[in-house]
Amino acid sequence: MLESMNAWIESVRFAYEVQGVISMRLMCLAQGGPEADVEARLMITEKIEAFADAEVALAKALFDGEGITVAAERAYAPLRRCVHANSDRLLHTID
């Protein structure tokens, strides 16, 4: 029971952080200028890298004989790190 509650809380926290990153990026893009161009390029390259890292983590976990739950957690980790790093970076650029 506690494990499913923790998973639910993490899902809500992640969704909240993702929404914050989307909002901050939209503000940056709406302002235009060179910063918007850099942010648009970062947005694309970071997504490609994060999903590639997630795919590698998933494949490695499955290859190592881990269960699907462990594989999913390992695949989620690079995405979580990327979103959190973007949230921190964008929060500091807004100040």
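Just a few scattered comments:
Condition check ((1) outside any helix (DSSP H, G or I); (2) over 19 Å from Leu91 (Cβ atoms); (3) among the aromatic types (Phe, Trp, Tyr)) across all residues:
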residue: Ser11; (1), (2), (3): no, yes, no
residue: Val18; (1), (2), (3): no, no, no
residue: Ser23; (1), (2), (3): no, no, no
residue: Lys47; (1), (2), (3): no, yes, no
residue: Phe51; (1), (2), (3): no, yes, yes
residue: Ala61; (1), (2), (3): no, yes, no
residue: Thr69; (1), (2), (3): no, yes, no
residue: Ala72; (1), (2), (3): no, yes, no
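- Single unsatisfied condition, Asp64 versus (1) surrounded by 12 or more Cβ atoms within 10 Å (Cβ to Cβ); (2) free of Cβ contacts under 8 Å to residues at least 12 places away in the same chain; (3) acidic (Asp, Glu): (1)
- Glu55 being more than 30 Å from Glu3 (Cβ to Cβ), acidic (Asp, Glu) and assigned to a helix (DSSP H, G or I): no
- Comparison of Glu49, Glu39 shows that the only residue that is modelled with pLDDT under 95 and either among the charged types (D, E, K, R) or surrounded by 15 or more Cβ atoms within 10 Å (Cβ to Cβ) (or both) is Glu39.
- The C-beta contact set for segment 37-60 (first residue closer than 13 Å to Tyr76 by Cα, second residue among the aliphatic types (A, V, I, L, M), distance under 7 angstrom, 6+ apart or interchain) comprises Ala50/Leu79; Ala54/Ala75; Ala54/Leu79; Ala57/Ala75; Ala57/Ala77; Leu58/Ala71; Leu58/Ala75.
The values are calculated or read from the model by the stated rules, or taken from the named source; none is laboratory data. Predicted model, so just to flag it, every value in this text is computed and none were measured. Heads up, the Cβs are rebuilt from the backbone with ideal geometry, glycines too, and the neighbour counts pull from every protein chain shown.
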